[in-house]
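The values are calculated or read from the model by the stated rules, or taken from the named source; none is laboratory data. Source: prediction; values computed, not measured. Heads up, the Cβs are rebuilt from the backbone with ideal geometry, glycines too, and the neighbour counts pull from every protein chain shown.
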Amino acid sequence: MVIILNKCMRIVFVYGLIISSIFTFWYVVGQPRPIPEPEVAPGHTLQCVSYAPFEKDQSPFDFAKGMTISNARIDADLAILSRSFSCIRTYSVAGLEALPEYAEKYGMKVLLGAWVTSDPKITEQELQKVVALAKQHPESVRAVVVGNEALLRREVTGQQLAGYINQVKAALPGVPVTYADVWEFWLKHPEVGEVTDFVMIHILPYWEDDPVAITAAMAHVKKIREEIGEKIPGKEIVIGETGWPSEGRMREGALPSLENQARFIRGFVALAEQEHWQYNLIEAFDQPWKRSKEGAVGGYWGLYSSDRTDKHILSGPVSNFPNWLSLFAQSVAIALASLIPLCIGRHHPEMSARRWLKFSTTATGGAILIVLQGHQFAIISTNTVEYIWAFIVLSLAAGVYLLALKAVASKTTPMHLSLDTAMDFLRGKSRLCPEAVNGTLRLGVITCALIGVLGLVLDARYRSFNNFGFAIPALAYLWFFQRQGLPNAQGMLERLSALLLTSGAVAIMINETPLNWQADIWVIICLLLAYPLWRESRGVSLRPLLPFAFLVLVAFGVFTALRNGIFISERLVEVCADTPDTAICLVRAMIGRLMYNQIFAWTSLILAALAVWRNSVWLCSLALVASLAGLCFYNVNLAAIAFVLAGLTLVHKKRTETISA
């Protein structure tokens, strides 16, 4: 009885320590921090802010489904924005026909936007509506903005855009008319600047080709603003968009966060007031619909959340984790799951103080990492595929977490089958046992890691690093390997996986630069996963895979040439605008339709599923080629899954044939 009581008291003490440690972590990272505010006169309102009326589950694509924007929504939004801003900028008149009227109600001005696309009919409809609204509301419409980043998207030529601008200017004498785009495109298309009444440039340090860290952002904005003023003399320069995202992946040294968003906005306002610049901030409210096109950062440029909650970007202390109490509760719930290994291990020898410390450290760290990964997935996931991915990664992390805790509690090293044998188990060729389950868990981790690496190498711009979820298995499997030592030589799957993880890590490091510490952590995770696999597969030859490696390289080269030479060729933009019926332009249009409809991705995934089912070499080869088309033409999410599944199946099949021979 005394022994049981002592054990219970020890467990209560340890879990008290775990919960206290978790609370300390979340309390420290969740505390709001003071950020300097610009010195402005009392009652002074800021200039303009970009406005879109969409709520959390809405997007501009819903207009085609019959969605309408209520006047009450516009009224409520402008009531919020008028407290801090004297002007709003719109990008389209669709659904916003009533906006100038409500702007007058709140004494606000409007930079009224017309959306310009590659479709002349849609563009013409926008131009007619914007002209009509500007004529109806001359008191509130300060200027008309014909097109937003249409040149950046390569949807129109400079001459076409100049024609649209002249059309609106002729219909609205006395109303200033301009165009808005990233600053470089004003320099590339001087014919546009010649016809506008003023120049509206976008300066977004985060999105630059060479991203700018928050510490250098103000100097960068000032430099670009002055440079454009010198290169386009005689024109008034308005900063049409500037801002910083509050969530999303890091780009080189540019880190999205609530604190950095507040630092940028407040610093910019202070600089703009000092320099007497005209400006427009992006944007009023978070727009979650943009995440599907721009990654997580696309949905989090707002000064207010999508449900119109103040993010405290303009004033007041700011926390990167304002919901830290909820995250603390989630971490505690996961930490309490570590009681499972203790209960399973009730016959294990009594743990020493040192082992209790190791157990509590593992339980605390794992619980925090899983919640951090879940928090990230809640921010970045936008569709069914991404939610399934989130579930799989979190499940694998939780499985390895419990496995590691059980290993600490029992003072044993969990054994697992090789990746090839785990695939045999999945095909029903070996019996159920703990080693088979552990091997399947590891196979799942390596498969997901390879999919993640492939996406980050070939389509990194909008893709987040899932560091928190993969850190647990990376550390756990390295620890298991060190305790277990070198087992018997494993197969080609281990060797190839280690090689691909290492190669991917090097490519990511080069692409992201060491300034991106999120990428640095991912690189370390890849190397930690690769090291045991490489050591376990010592002496294994990959020579039987050389013909397939050659096939992959040739197919990748062909598809890359098609993408760069035809699909994204700037030279063909103007050619196809003038002569869309030429053969090369028809090919370009066909590739675009296949890409936008995800045909490349779904074809490769179906072929990969057939290859896995039939365990066929030729189907695997076909799936690899099809998935490379998806990877090259921006269908990366599904194509990466297809590529890895087909590749693993192919390697497993060749290994079986090699053994049989």
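Key figures for this structure:
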{"quantity": "Selection count where residues are assigned to a helix (DSSP H, G or I) and under 21 Å from the mean Cα position of the chain (by Cα), scope the range 51-73", "calculated": "2"}
{"quantity": "Hits in the range 228-246 (condition: buried (at least 23 other Cβ atoms within 10 Å of the Cβ) and part of a loop (DSSP other than H, G, I, E, B))", "calculated": "THR242, GLY243, TRP244, PRO245, SER246"}
{"quantity": "Failed condition for ARG461, given (1) under 26 Å from MET492 (Cα atoms); (2) surrounded by fewer than 23 Cβ atoms within 10 Å (Cβ to Cβ); (3) among the charged types (D, E, K, R)", "calculated": "(1)"}
{"quantity": "Selected residue [aliphatic (A, V, I, L, M) and touching a residue at least 24 places away in the same chain (Cβ under 8 Å)] from ALA505, ALA589", "calculated": "ALA505"}
{"quantity": "Given (1) within 25 Å of LEU546 (Cα to Cα); (2) touching a residue at least 12 places away in the same chain (Cβ under 8 Å), number of the condition ARG614 does not satisfy", "calculated": "(2)"}
{"quantity": "Pick from the range 41-53, criterion in contact with an Asp or Glu (Cβ under 8 Å, 6 or more places away or on another chain) and either of a type in the set (Ser, Thr, Tyr) or not assigned by TED's automatic domain parsing to the domain that holds HIS202 (or both), ranking: surrounded by the most Cβ atoms within 10 Å (Cβ to Cβ)", "calculated": "TYR51"}
{"quantity": "Residue in the range 413-421 that is more than 30 Å from PRO256 (Cα to Cα), of a type outside the set (D, E, K, R) and assigned to a helix (DSSP H, G or I) present", "calculated": "yes"}
{"quantity": "So ASP459, is it of a type in the set (Asp, Glu), touching a helix residue (DSSP H, G or I) at 6+ places or on another chain (Cβ under 6 Å) and assigned by TED's automatic domain parsing to the domain that holds LEU528", "calculated": "yes"}
{"quantity": "Residue count for the range 112-151, restricted to those that are on the phi > 0 side of the Ramachandran plot and surrounded by fewer than 22 Cβ atoms within 10 Å (Cβ to Cβ)", "calculated": "1"}
{"quantity": "Answer from LEU572, LEU529 - the residue that is in a helix (DSSP H, G or I), buried (at least 16 other Cβ atoms within 10 Å of the Cβ) and at pLDDT below 95", "calculated": "LEU572"}
{"quantity": "Only listed residue being surrounded by 12 or more Cβ atoms within 10 Å (Cβ to Cβ), at pLDDT 90 or above, in contact with a Cys (Cβ under 7 Å, 6 or more places away or on another chain) and aromatic (Phe, Trp, Tyr), chosen from PHE25, PHE85", "calculated": "PHE85"}
{"quantity": "Condition check for ALA407: surrounded by fewer than 15 Cβ atoms within 10 Å (Cβ to Cβ) and among the small types (Gly, Ala, Ser)", "calculated": "no"}
{"quantity": "Tally, over the range 129-160, of residues that are over 26 Å from GLU101 (Cβ atoms) and touching a strand residue (DSSP E or B) at 6+ places or on another chain (Cβ under 6 Å)", "calculated": "3"}
{"quantity": "From the options ILE584, ILE591, ILE606, residue that is out of contact with any Pro (no Cβ under 9 Å at 6 or more places or on another chain), under 19 Å from GLU155 (Cβ atoms) and surrounded by fewer than 17 Cβ atoms within 10 Å (Cβ to Cβ)", "calculated": "ILE584"}
{"quantity": "Residue in the range 302-311 that is buried (at least 22 other Cβ atoms within 10 Å of the Cβ), among the hydroxyl-bearing types (Ser, Thr, Tyr), in contact with a helix residue (DSSP H, G or I) (Cβ under 8 Å, 6 or more places away or on another chain) and closer than 19 Å to ASP57 by Cβ present", "calculated": "no"}
{"quantity": "Failed item in (1) over 22 Å from GLY113 (Cα atoms); (2) assigned to a helix (DSSP H, G or I); (3) under 33 Å from the mean Cα position of the chain (by Cα); (4) of a type in the set (A, V, I, L, M), with ILE35 passing the rest", "calculated": "(2)"}
{"quantity": "Those residues of the range 380-397 which are among the aliphatic types (A, V, I, L, M) and surrounded by fewer than 18 Cβ atoms within 10 Å (Cβ to Cβ), in sequence order", "calculated": "VAL385, ILE388, ILE392"}
{"quantity": "Total residues in the range 84-98, condition touching a residue at least 40 places away in the same chain (Cβ under 8 Å) and either of a type in the set (A, V, I, L, M, F, W, C) or not assigned by TED's automatic domain parsing to the domain that holds VAL141 (or both)", "calculated": "5"}
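Condition check ((1) part of a loop (DSSP other than H, G, I, E, B); (2) within 21 Å of the chain's Cα centre (by Cα); (3) free of Cβ contacts under 8 Å to residues at least 24 places away in the same chain) across all residues:
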site: PRO256; (1), (2), (3): yes, yes, no
site: ARG266; (1), (2), (3): no, no, no
site: ALA270; (1), (2), (3): no, no, no
site: ASN280; (1), (2), (3): no, no, no
site: TRP301; (1), (2), (3): yes, yes, no
site: ARG308; (1), (2), (3): yes, no, no
site: HIS312; (1), (2), (3): yes, no, no
